[in-house]
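A short worksheet on the structure shown next.
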Amino acid sequence: SPRAAGLGGAFVAVADDVYSLAYNPAGLGRLYVPEASAMYHSGFDDSSLNYLAGATPLPLLGFAGLAKPGVAFSLMMADAGSFQNNLIANDGSVFSKDFDAQKDLVLTAGYGEKVYSDEVNLEGFKAAIDQYLGLNVKYVRSTMLEDDSPPSTLAFDAGWLLAERNLGLSLGASISNYGGGLKYGTETTPLPAILRLGAAWERPTVMDQSVLLAAESDFYTN
């Protein structure tokens, strides 16, 4: 997300667009219009990273009956490029073959909705509080050296977001890549599970502009 990058990655408490799928799926409950995102990144040699995502609010109320929930889907494909393997025979002749070094695929489906909305009296101050919950399901596949049976696994993301409308404060928390690992041969590599905790404050300034401050800590549990 270019917006999240501009915030130094502190997006777990800000999430309110199609990129909520990657940072905090609870933010999908704050979608008002359909959104789409696409990226193509070319790296060194012939490596590349491709990303395609779409999100939209549903035309019906969620399980809590408070607002329309949001759903999103994304596809990410990474290609580490190829390398040439040269085999020298006994007679000195060389046989060459090109191999794909590594190709990864991550398919994600997410859902988020508002689960609480009310005014709370805090010693004379009426706080207008909204809470959101979200969940992602991921399919992860990694192919190394053109393996005929590449390892794959399922993983889950979960997120929570609290927003106070009067003060413009929000709190967010999410856990990403919770699940199994990828088994290459006899060794299983765990997915990089990430716990994100953050807070944000946003207030209008002049015309349609606003100022947004955000802070976040990421903890890599794997």
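The values are calculated or read from the model by the stated rules, or taken from the named source; none is laboratory data. Computed from a predicted model, the values in this text were never measured in an experiment. Heads up, the Cβs are rebuilt from the backbone with ideal geometry, glycines too, and the neighbour counts pull from every protein chain shown. Surface accessibility is based on the protein's heavy atoms, side chains included, excluding ligands, DNA and RNA. Shrake-Rupley method; radii C 1.70, N 1.55, O 1.52, S 1.80 Å.
Among the residues making up segment 30-57, those that are farther than 20 Å from residue 17 by Cα, assigned to a loop (DSSP other than H, G, I, E, B) and open to solvent by less than 60 Å² (accessible area, probe 1.4 Å) are 43, 47.
Here residue 60 fulfils each of the conditions (1) assigned to a loop (DSSP other than H, G, I, E, B); (2) of a type outside the set (Phe, Trp, Tyr); (3) under 23 Å from the mean Cα position of the chain (by Cα); (4) farther than 19 Å from residue 136 by Cβ apart from (3).
Taking segment 119-149 as the range and being within 30 Å of residue 182 (Cβ to Cβ) and either open to solvent by 40 Å² or more (accessible area, probe 1.4 Å) or aliphatic (A, V, I, L, M) (or both) as the test, the residues that pass are 133, 135, 137, 139, 140, 141, 144, 145, 146, 147, 148, 149.
Specify which of the listed residues (96, 47) is among the hydroxyl-bearing types (Ser, Thr, Tyr) and over 30 Å from residue 194 (Cα atoms). Every option except 96 fails the conditions.
Residues in segment 77-104 that are assigned to a strand (DSSP E or B) and of a type in the set (Asp, Glu) were compared, and the one that is nearest to residue 150 (Cα to Cα) is 104.
Say we look at segment 22-50 and pick out the residues that are touching a helix residue (DSSP H, G or I) at 6+ places or on another chain (Cβ under 9 Å) and hydrophobic (A, V, I, L, M, F, W, C); which of these is nearest to residue 134 (Cα to Cα)? Among them, the one singled out is 26.
Condition check: part of a strand (DSSP E or B), over 30 Å from residue 99 (Cβ atoms) and open to solvent by less than 70 Å² (accessible area, probe 1.4 Å). Does residue 74 satisfy that?
Values: part of a strand (DSSP E or B): yes; over 30 Å from residue 99 (Cβ atoms): no; open to solvent by less than 70 Å² (accessible area, probe 1.4 Å): yes.
Here the answer is no, as residue 74 does not meet what is asked.
Within segment 162-191, the residues that satisfy the criterion of being open to solvent by less than 80 Å² (accessible area, probe 1.4 Å) and outside any strand (DSSP E or B) are 166, 167, 168, 180, 185, 191.
Listed by first and then second residue, the pairs linking a residue in segment 129-153 that is free of Cβ contacts under 8 Å to residues at least 60 places away in the same chain and more than 27 Å from residue 101 (Cα to Cα) to a residue that is among the β-branched types (Val, Ile, Thr) and open to solvent by 30 Å² or more (accessible area, probe 1.4 Å), with Cβ atoms under 8 Å apart and 6 or more places separating them unless they lie on different chains, are 129/120; 131/115. Evaluation of residue 83 against the conditions (1) open to solvent by 40 Å² or more (accessible area, probe 1.4 Å); (2) modelled with pLDDT of 85 or more shows that the sole unmet condition is (2). Residue by residue through segment 105-118, note down the ones that are open to solvent by less than 50 Å² (accessible area, probe 1.4 Å) and either charged (D, E, K, R) or outside any strand (DSSP E or B) (or both). Listed by number, the residues that qualify are 113, 114.
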